[in-house]
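Trainee: First the structure, then my questions, so here it is.
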Amino acid sequence: TTENYNAAYNDMTRMTVLIEMANFANRNRQFEKMENLYIRVDSLSKSCGVPTNKAYLYLKLNHYLLNKQYNKYLMALDSIMNDNDRIIYRQKYELALGNYKEAYILSDSLVRITRKSIGAETQLVLSELSNKMETALLEAENTKLELEQKEHEAKTNRMMLVFLSVKL
């Protein structure tokens, strides 16, 4: 937001705020606003250095795609480390070129990767729950054994009291 920009205490922080504002504008299909913010980011980067974060990379990709700078787009695309993000941005590229079949194949691939990821996460959660349940059952068994032991001790003490009272 503009308040965050004005409150920023140095150019790098201002640039970070501008990048976030530009990506927000892009998500809301405000491409002219995104481009104006990109120009401001580009100008600031000359004085304080080019940011290396993902948000800036994604802003650059959106800028290249909007301006049909496909060679730069493809080169920047190789910098994406996250497989899902790389597929999403490759899909955007294919859609921009009108390659709908390739975009669909990428979409299908993303769905498969997501399902596999969800499956692995679900297995991990189930394993953790199973371990917790096992631990809870063992604790309950220990508590039961401790209670039985105390009951046995109490019974033994009562018998001793009865024995002693009979002797007296």
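The values are calculated or read from the model by the stated rules, or taken from the named source; none is laboratory data. As the structure is a computational prediction, the values presented were derived from the model and not from experiment. Please note: Cβ atoms are built from the backbone with ideal geometry, for glycine as well, and neighbour counts cover all protein chains shown. Remember, those area values only see protein heavy atoms, side chains included, never the ligands or the DNA or RNA. Shrake-Rupley method; radii C 1.70, N 1.55, O 1.52, S 1.80 Å.
Trainee: Which ³J(HN,Hα) values, rounded to whole Hz and listed in residue order, are derived for region 54-60 from phi using the Karplus coefficients 6.51, -1.76 and 1.60 in 6.51 cos²θ - 1.76 cosθ + 1.60 with θ = phi - 60°, glycine and proline given as x?
Mentor: Each residue's phi maps through the Karplus curve to give 4, 4, 5, 4, 5, 5, 4 Hz.
Trainee: Three principal axis extents, largest first, for the C-alpha atoms of region 7-93, in Å?
Mentor: Principal-axis extents of region 7-93 (Cα, largest first): 37, 25, 21 Å.
Trainee: Which of the GluC sites (Glu not before Pro) found in region 60-168 are loop residues per DSSP with 12 or fewer other Cβ atoms within 10 Å of their Cβ? Spell out each step's value before the answer.
Mentor: Numbers: sites: GLU94, GLU102, GLU121, GLU128, GLU134, GLU139, GLU141, GLU146, GLU148, GLU151, GLU153; in loops: none.
Answer in residue order: no site qualifies.
Trainee: Same structure, new question: Return the distance in nm (one decimal) between the two label points of a simple spin-label model at GLU32 and ASN142, each offset 7 Å from Cα along Cα→Cβ.
Mentor: It is 6.9 nm.
Trainee: Mind giving me the FRET efficiency for LEU66 and GLN123? R0 is 30 Å, r the Cβ-Cβ distance, nearest 0.05 is fine. Before the final figure, lay out each step's value.
Mentor: Values: r = 41 Å, r/R0 = 1.36.
With a Förster radius of 30 Å, E is 0.15.
Trainee: For region 44-137, state which trypsin sites (Lys or Arg not before Pro) are in a DSSP loop and have at most 16 other beta carbons lying within 10 Å of their beta carbon. Mind dumping the intermediate values first?
Mentor: Working: sites: LYS46, LYS54, LYS60, LYS68, LYS72, ARG86, ARG90, LYS92, LYS101, ARG112, ARG115, LYS116, LYS132; in loops: LYS68.
Hits after loop and neighbour filter: LYS68.
Trainee: Using just the Cα positions, wrap region 1-145 in a convex hull and report its mean projected area in square nanometres, one decimal place.
Mentor: Across all orientations, region 1-145 yields a mean hull projection of 13.5 nm².
Trainee: While we're on this one: Charges on Cβ only, +1 for Lys and Arg, -1 for Asp and Glu, centred on the Cα centroid of the chain; of ILE113, THR13, ASN99, which one is farthest towards the dipole's positive end?
Mentor: Result: ASN99, furthest along the dipole toward the positive end.
Trainee: With a 1.4 Å probe and every protein chain kept in, tell me what percent of the accessible surface of the chain is carbon plus sulfur. List each step's numbers first, then the result.
Mentor: Numbers: 7070 of 12430 Å².
Carbon and sulfur: 57 percent of the exposed surface of the chain.
Trainee: OK, next. Quickly work out the ASN99-to-THR13 label distance, labels modelled 7 Å from Cα along the C-beta direction, and quote it in nm with one decimal.
Mentor: 4.3
Trainee: So if I place +1 on the C-beta of Lys and Arg and -1 on the C-beta of Asp and Glu, and nothing else carries charge, what would the dipole magnitude of the chain be about its Cα centre? I want it in debye, nearest 20. Before the final figure, lay out each step's value.
Mentor: Details: 23 positive and 21 negative charges, 91 e Å.
Charge dipole, the chain, about its Cα centre: 440 debye, nearest 20.
Trainee: What does the accessible area per residue of the chain come to in Å², with a 1.4 Å probe and no ligands, DNA or RNA counted?
Mentor: Counting only protein heavy atoms, the per-residue value for the chain is 74 Å².
Trainee: Also: Sort out for me the Cα centre separation of region 16-44 from region 111-168, rounded to whole Å.
Mentor: Here the answer is 58 Å between Cα centres.
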